Amino acid sequence: MARLTVLSGMGRKSAAAFLLQTEGRRLLLDMGGGLEAGEHLDLSRAGRVDAVLLSHAHVDHVGALDRLAEIGSPPVFATAETLRQLPAGLRPARVEPLPERGTADVLGLRLDTGRSGHAPGGIWMRVPTLRGGFLYTGDFSTEAALLRCDPFPRSATVLADASYGDREESLAAQIKTLAEAARGGAVLPCPADGRGPDMVAALTAAGLEVRACAQIAAETERLTGSRPPVATAETAQEGHIIVADGPNAEHGLPGDLRMRPGFRFVFSGHVPRSSPAHTMIAEGRARWMGWNVHPRLCDLIELAAKTRAERVLPAFVDLATAPRLTAALGLRLRHCTSLEV
């Protein structure tokens with residue numbers, strides 16, 4: 001039998017790290033870094049791993065790759081785009097490519113993949129098992145205009161991104177609200193290789209003049225063929241609408257601008273308590289307004305139905321804050337750190 005062991009990523013928003021043991025292989029699904037200052041992934045239960053499989057390149061999924069030696073220095077499997085995005089300090093010595101859509105051989109095991117709609121190069125992964133197949137969604141979204149989420153395959157056990165819990169508000173409604181809030185100028189921080197190009201495209205379509213830092217401008221050009229005007233610390237003005245890398249104003253252009261008077265900030269993603277964004281919001285110097293990059297409650301219900309899942313493990317969420325999700329999953333819900341799959 002195949003077995004899943006949760007090393008991190010259940011019960012709250014935290015580093016993603018899930019150990020799948022099947023057919024004599026030990027596969028680590030993602031190897032994330034902590035989101036809070038001083039928080040580090042506990043690898044004490046990982047043992048020696050045969051391969052690491054990455055869903056995408058965001059820090060909470062890849063931030064511990066500099067510790068591969070602790071688990072036997074295994075090869076890292078990921079899409080070409082995910083490997084391209086890895087910071088220099090996290091690039092492994094041994095890499096193997098995965099398709100964004102298709103089937104791959106991972107150490108003699110079949111792995112099916114599809115695009116996850118969360119980040120360029122981001123994928124979901126499915127492994128056949130005797131209990132009907134195991135699906136790991138990674139982070140996923142069905143709403144991004146520039147990123148496709150491929151249909152999920154039938155799988156008896158699903159480890160699903162449930163970061164938003166009971167949230168039901170649509171991205172379309174959020175775009176309309178944020179566009180109004182941004183008129184007159186706003187800094188809109190976002191992670192690299194994430195929602196930035198979608199923000200630029202959607203707000204531009206809403207009739208706003210949008211600028212971007214060099215990183216987000218380049219990403220937007222890769223995805224759309226059009227490059228927005230570039231904003232820098234020297235050229236940024238209070239009345240500009242600027243989409244910029246530095247999701248919690250901890251670095252990049254948002255980090256440069258956060259102490260300057262007159263700049264309005266609107267954060268739209270997960271805000272760690274130890275981040276500058278948390279302090280700015282608490283002090284009334286910034287606002288938080290959602291921009292969906294994870295599934296809504298309705299998306300999770302549809303996922304469970306279409307995969308015909310018998311067991312669903314909701315990742316990255318405190319279920320105490322998601323009573324509607326808990327009720328909707330019913331007897332399919334699993335909230336444990338070890339499970340036969």
Put Y136, Y164 in order of accessible area, largest first, 1.4 Å probe: what do you get? Y164, Y136
Segment 1-145 - Kirkwood radius from inverse mean 1/r over Cα pairs (Å): 15.1 Å
When only DSSP loop residues count, what GluC sites (Glu not before Pro) in segment 236-327 have their Cβ near at most 10 other Cβ atoms within 10 Å? E283
Could you please state, rounded to a whole Å, how far the C-alpha centre of segment 223-276 is from the C-alpha centre of segment 65-125? 29 Å
Could you work out the helix-only [θ] at 222 nm for the chain, with each DSSP H run of four or more residues adding -39,500 (n - 2.57) and the total divided by the number of residues, to the nearest 500 deg cm²/dmol? -6000 deg cm²/dmol
Average accessible area per residue (Å²) across segment 211-293 - probe 1.4 Å, nucleic acids and ligands excluded: 46 Å²
Using a 1.4 angstrom probe on the protein heavy atoms only, line up I242, I301 by accessible area, largest first. I301, I242
Which translational diffusion coefficient, to the nearest whole µm²/s, is obtained for the chain from the Stokes-Einstein equation, given a Kirkwood hydrodynamic radius over C-alpha pairs, 20 °C and 1.002 mPa s? 105 µm²/s
³J(HN,Hα) across segment 258-266 via Karplus (A = 6.51, B = -1.76, C = 1.60, θ = phi - 60°), whole Hz, x for Gly/Pro? 5, 9, 7, x, x, 7, 8, 10, 10
Give a residue-ordered list of calculated ³J(HN,Hα) values for segment 278-288 (Karplus: 6.51 cos²θ - 1.76 cosθ + 1.60, θ = phi - 60°; whole Hz; x for Gly, Pro). 4, 5, 4, 5, 4, 8, x, 8, 7, 10, 10
Stretchable slack from E209 to R287, in nm (0.36 nm times residue separation minus alpha-carbon distance): 26.0 nm
For the pair R227 and A88, what calculated FRET efficiency results from E = 1/(1 + (r/R0)^6), where r is the Cβ-Cβ distance and R0 = 30 Å, to the nearest 0.05? 0.75
Using a probe of 1.4 angstrom, how much of the accessible area of the chain is carbon and sulfur, in percent? 51 percent
Ignoring everything but the protein chains, give the 1.4 Å probe accessible area of R126 in square angstrom, nearest 10. 40 Å²
Name the residues whose placed amide hydrogens come within less than 5 Å of the amide hydrogen of V243, ignoring near sequence neighbours (fewer than 5 apart) on the same chain. L188, R211, A212, C213
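The values are calculated or read from the model by the stated rules, or taken from the named source; none is laboratory data. All values reported here derive from a predicted model rather than from experimental measurement. We place every Cβ from the backbone using ideal geometry, glycine too, and count neighbours over all the protein chains shown. Please note that ligands, DNA and RNA were not included when accessible areas were found on the heavy atoms of the full protein model with its side chains. Shrake-Rupley method; radii C 1.70, N 1.55, O 1.52, S 1.80 Å.
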